[in-house]
Amino acid sequence: MTSAHRLTLRDLPAYRTGCEQGYRLQPGQVVILVGLATCGLAAGGADVAAAIREELASRQPEVCAAGRQVEVRSTGCLGLCEQEVLVDVHFAGQPRLTYAHVTPDLARRIVAEHVVGGRPIENRIIGRIEDEDHPYKDQTACAKQVRIVLANCGFIDPERIEHYVARGGYAGLERVLQGLSPAGVIAEVKVSGLRGRGGAGFPTGLKWEFAARAAGDKKYVVCNADEGDPGAFMDRSVLEGDPHAVIEGMLIGAYAIGADEGYIYCRAEYPLAIKRLRVAIEQAEALGLLGRNILGTGFGFELHIKEGAGAFVCGEETALMASIMGLRGTPRPRPPFPANRGLWDKPTNINNVETWANVPRILVRGGAWFAGIGTERSKGTKVFALTGKIRNTGLAEVPMGITLREIVYEIGGGIQNDRQYKAVQIGGPSGGCMPASLLDTPVDYDSLVAAGAMMGSGGMVVVDEGTCMVDLARFFMAFVQSESCGKCPPCRVGTRLMLETLERICAGEGQPGDIDWLVDMGRKIKAFSLCGLGQTAPNPVLTTIQYFRDEYEAHIRDKTCPAGVCPALVSFGVIADKCKGCGRCIKVCPSGAASGKLKEVHSIDAALCIRCGACFEACKFEAIERGQPAAAPAEVAG
């Protein structure tokens, strides 16, 4: 258990040794780890954990007779989100075995057969971990990953500070407080080449240096955990799986710039992350690792959590600071920059979750070590959230410079149902779409910008041949338009006009000149918007026009949607010689357009069909065809 005794710097090595001994399994000990991050809980992790505990309780005499000492631990996201619920069984002195898609029934079998009986259920095991620092290196999905930020996720109980300390936690802070000067800390971060992982990619050491040099009797550090990109969950997973890494990183940053107070700005939609942050802060304060006179060194740092209301624009640093101060979350012009005038007009340094989580590892292993990973101008690793039409959805931490092809096909396992890759939307609504011709593009800051996209915070949404790129652009434009704070006309009005044009095109009402107008308007919005939201909002539209212009032209000129997605430009019918009369289309049709007797050829009534595509998706025999809707009588006559 965590000691309530406040540690001094002299006490920390002995405390770490005790934590290491408690974390390391002793002979006869068995640990069962259950993935209870958001992904695991959504898949039923709480019921699985309860089933394990119930089964252990009912078999306690057998457990004792077998000489087992069994401990059940909760842990964060290992990154294999598609395979949740994950349960690991670790016997002392043996590899850790991982079970996937665990249900309560399978959980009881695991306890009975594996934990008590010593017989692993081999056909349900997806991997073996012999080295916690390099898990599943024999699996394609993990072989090319390098875990720095995610090093503890899936291994420690995030609500037990002793687990974090046992795996090297607070060693970076220890090195700093043992005599490294603030300038020395900044120099180490500058040597590492770490750049901001929130999207802009500004050099972290240089950013810290600006704040350190700024005049002020009071300074702040802030963690931007306002992760709002569709399909992004990197920061949430780090906060849920390893909150102390972020806290330690902020402590080191605060020491470097001379700050004594900080805020973690986390959206309220992340209740589990907030809960585990609160627990971590309380634990660190109880041990003297946070608060006044940290480790007896005289250095003090108070840390608060500010829950955001879910406004996407509050991911922009000036809007975020306004929200922390109780004002409306809208951006302001810069300069002055936050390093000089931030929270309450005091010098403030803001980094995102992933950036802060890198800092402790850099201080422990050195900036040169970190700089040895990645490319010349993009150092270290990047965590990506892989979603969409990809087999292995989840988290991947990869060295900078890896190609999109390697991420999609080797780590991601390729496209679902053996369909064709079409594009990956990278960087969220502020990013761009990368087509198949760019699959060999290195994933680094400069290469992505050159292709019209951006790193962003790390969301990757993969789409296949069944995706309409015009409709995808419409979706992202609708998102940014609804999230615009409305402060500046280029973003407030420009995104609305672009959205209205995209909606017309998808409805079959596109006009000649619409494409060129969208490009021109997009460039103007990028050039004249006040903040990063507006300056990047047109990217999905501009890149889809750049790489998929033929789809826009088909919508406008031919009044067809090549992907068969836009309802106004598609119709559905039954292919008689393929139809088996199974009735699946009838069951999913919301308008009653599909009809027919069992084992007889079905039909679709065009007058009733709302063109939702549910029948097309449901049919297992490819008996539903998508085509161009019949022209209106007036158009035919004309």
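The values are calculated or read from the model by the stated rules, or taken from the named source; none is laboratory data. Note that the structure is a prediction, hence the values are computed from the model and not measured. Here the Cβ is made from the backbone with ideal geometry for all residues, glycine too, and neighbour counts use every protein chain on show.
Can you find, within the range 3-61, the residue that is nearest to Q83 (Cα to Cα) among those that are within 34 Å of the chain's Cα centre (by Cα) and among the hydroxyl-bearing types (S, T, Y)? Looking at the filtered set, the residue picked out is T38. Scanning the range 577-622 for residues that are polar (S, T, N, Q) and part of a strand (DSSP E or B) returns S595, S603. Within the bounds of the range 500-516, is there any residue that is among the hydrophobic types (A, V, I, L, M, F, W, C), modelled with pLDDT of 95 or more and within 22 Å of M454 (Cα to Cα)? There is no residue in the range 500-516 that is among the hydrophobic types (A, V, I, L, M, F, W, C), modelled with pLDDT of 95 or more and within 22 Å of M454 (Cα to Cα).
Residues in the range 418-438 that are in contact with an Asp or Glu (Cβ under 9 Å, 6 or more places away or on another chain) and not small (G, A, S) were compared, and the one that is surrounded by the most Cβ atoms within 10 Å (Cβ to Cβ) is P429. When the range 242-265 is filtered for residues that are under 16 Å from the mean Cα position of the chain (by Cα) and either β-branched (V, I, T) or over 21 Å from G35 (Cβ atoms) (or both), only V246 remains. Of all residues in the range 253-296, none satisfies the criterion of being without any contact (Cβ under 8 Å) to a residue 12 or more places away in the chain, under 25 Å from A319 (Cα atoms) and surrounded by 16 or more Cβ atoms within 10 Å (Cβ to Cβ).
Residues in the range 569-621 that are of a type in the set (D, E, K, R) and touching a residue at least 24 places away in the same chain (Cβ under 8 Å): K578, K580, R584, K587, R611, E617, K620. Of the residues making up the range 524-539, at least one is over 29 Å from D235 (Cα atoms), among the small types (G, A, S) and out of contact with any His (no Cβ under 9 Å at 6 or more places or on another chain).
Restricted to helices (runs of 4 or more DSSP H) entirely inside the range 130-225, those with at least 1 residues that are among the polar types (S, T, N, Q) and out of contact with any Ser or Thr (no Cβ under 9 Å at 6 or more places or on another chain) are 140-143. Can we say A453 is crowded, with 23+ Cβ neighbours inside 10 Å, touching a Ser or Thr at 6+ places or on another chain (Cβ under 7 Å) and either closer than 24 Å to C77 by Cα or of a type outside the set (F, W, Y) (or both)? Yes: the conditions hold for A453.
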